[in-house]
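Below is one structure, written out as structure tokens; the observations come after it.
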Amino acid sequence: MAGRFDPLTRTTVRGGATRVPAPTPATPNATATGGTAGTGAKTGTGARPRTATGGINGQAATGTAPRTRHYTPPGPLTLGLVLGPLRRGPHDPTFRVTPDGAVWRASQTPAGPGTLRVTARAADGTVTGEAWGPGADWLLDRLPALLGAEDDPAAFVPRHRLVHASHRSRPGLRLTRTGLVLESLIPSVLEQKVTADEAYRAWRILVRQYGTPAPGPAPDRMYAMPDARTWCRIPSWDWHKAGVDSKRSGTILRAARVAPRLEEAAGMDLPEASARLELVPGIGPWTSAETLQRSNGHPDAVTVGDLHLPGIIGFALAGDRTTDDAAMLELLAPYEGQRHRATRLILLAGLTPPRRKPRMPRTDIGRL
């Protein structure tokens, strides 16, 4: 299990928050905010001119304008809280936050690679999504779900003082739903039984080496993750160079071979979806929960089998850092149906037990 990191960069055991700067006025050189249909992807491998937002000049490079969609959430929405869990480390090549307050995501959709830029207007809360590439329409069609439209925060009732305070101070927290199972499953497998640094490094190396350059005017060095067929073609020595042992790489290969069946879990209820994922050897309750929290946005997908989470929950709610999974589930029992949301609020509160042991040692098998 990955180690313990700052809550604003940690995206599994921690609360999954990402700092998003306040939106700034558009500049003449910035990306256009409106346009017509466009499905172009970048071609060529030369140097790419940068825009005011830190990306490439997509209009000049591809000759296409973005598809655009607007969404007005029914209540407060904080982009950093909603989309933060999708970020796999501070240098995730599929996720970027730019100084103008935009959140960029590059995804491998059923229609192909696509880039999504999301911005929120402070005045009225309207969210604008712009997308490029073959997957643009797919991403925009699911923009409301990505921003928590299918989540029901009103169903949550705090039962502890700490949870109540965390809930009250974060009215913009909603649970995202990407609808992409493999996109969340593979990095979760990479995080099995290693430190966060090791997992993030492996994800970064493999996506940059085998992924698709993000279509449109995406920030520099952004990539959509490889498709299932490409994951299956990664040779053993490149897994080794990325620091991924044969157990984790084997799990990813088995999952990629049955990717269409696993993607069906995005439309299933939690028990059926978990059972579908856990049919693949190497995928257990921890990995399936971490995946379905993002792909399905399920509020009750609580993570069990984690190295640190039970102690954090036990310390926050009962002052007991020795809590195990069974005791953690007992503490979370009052939140049945909303245990994942309760867990995120506890983690975001930042009340963790003091460290007693040295950090988990990092091992880089790529150097062997």
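A few notes on this one:
- Residue list for the stretch 111-127, filter: open to solvent by 20 Å² or more (accessible area, probe 1.4 Å) and not in a strand (DSSP E or B): A111, R121, A122, A123, D124, G125
- Listing of helices (runs of 4 or more DSSP H) fully contained in the stretch 266-337 that carry 1 or more residues being closer than 29 Å to P144 by Cβ: 270-277, 285-295
- Conditions (1) open to solvent by less than 30 Å² (accessible area, probe 1.4 Å); (2) closer than 29 Å to L279 by Cα; (3) not charged (D, E, K, R); number of the one not met by S236: (1)
- Any hit, the stretch 211-230, residues being free of Cβ contacts under 8 Å to residues at least 24 places away in the same chain and either under 22 Å from R96 (Cβ atoms) or open to solvent by 10 Å² or more (accessible area, probe 1.4 Å) (or both): yes
- Filtered residue count, the stretch 241-274, keeping only those that are closer than 22 Å to A202 by Cβ, within 21 Å of the chain's Cα centre (by Cα) and among the polar types (S, T, N, Q): 2
- Residue list for the stretch 287-325, filter: of a type in the set (A, V, I, L, M, F, W, C) and surrounded by fewer than 21 Cβ atoms within 10 Å (Cβ to Cβ): V304, L307, F315, A318
- Selection within the stretch 288-328 - charged (D, E, K, R) and under 25 Å from the mean Cα position of the chain (by Cα): E290, R294, D300, D306, D325
- Inter-residue pairs, beta-carbon under 6 Å, first part of a strand (DSSP E or B) and in the stretch 70-87, second surrounded by 20 or more Cβ atoms within 10 Å (Cβ to Cβ), 6+ apart: Y71/V127
- For Q108, the conditions (1) part of a helix (DSSP H, G or I); (2) touching a residue at least 12 places away in the same chain (Cβ under 8 Å) all hold with the exception of (1).
- Residue in the stretch 235-243 that is outside any helix (DSSP H, G or I), at pLDDT 95 or above and closer than 30 Å to A65 by Cβ present: no
- Scanning the stretch 128-160 for residues that are open to solvent by 10 Å² or more (accessible area, probe 1.4 Å), of a type in the set (D, E, K, R) and over 20 Å from R339 (Cα atoms) yields D137, D141, R142.
The values are calculated or read from the model by the stated rules, or taken from the named source; none is laboratory data. Bear in mind the structure is a predicted one, so any value in this text is a computation, not a measurement. Don't worry about glycine lacking a Cβ; one is built from the backbone with ideal geometry, like all the others, and counts go over all protein chains shown. Each accessible area value is taken on the protein alone, full model and side chains, heavy atoms only, with ligands, DNA and RNA left out. Shrake-Rupley method; radii C 1.70, N 1.55, O 1.52, S 1.80 Å.
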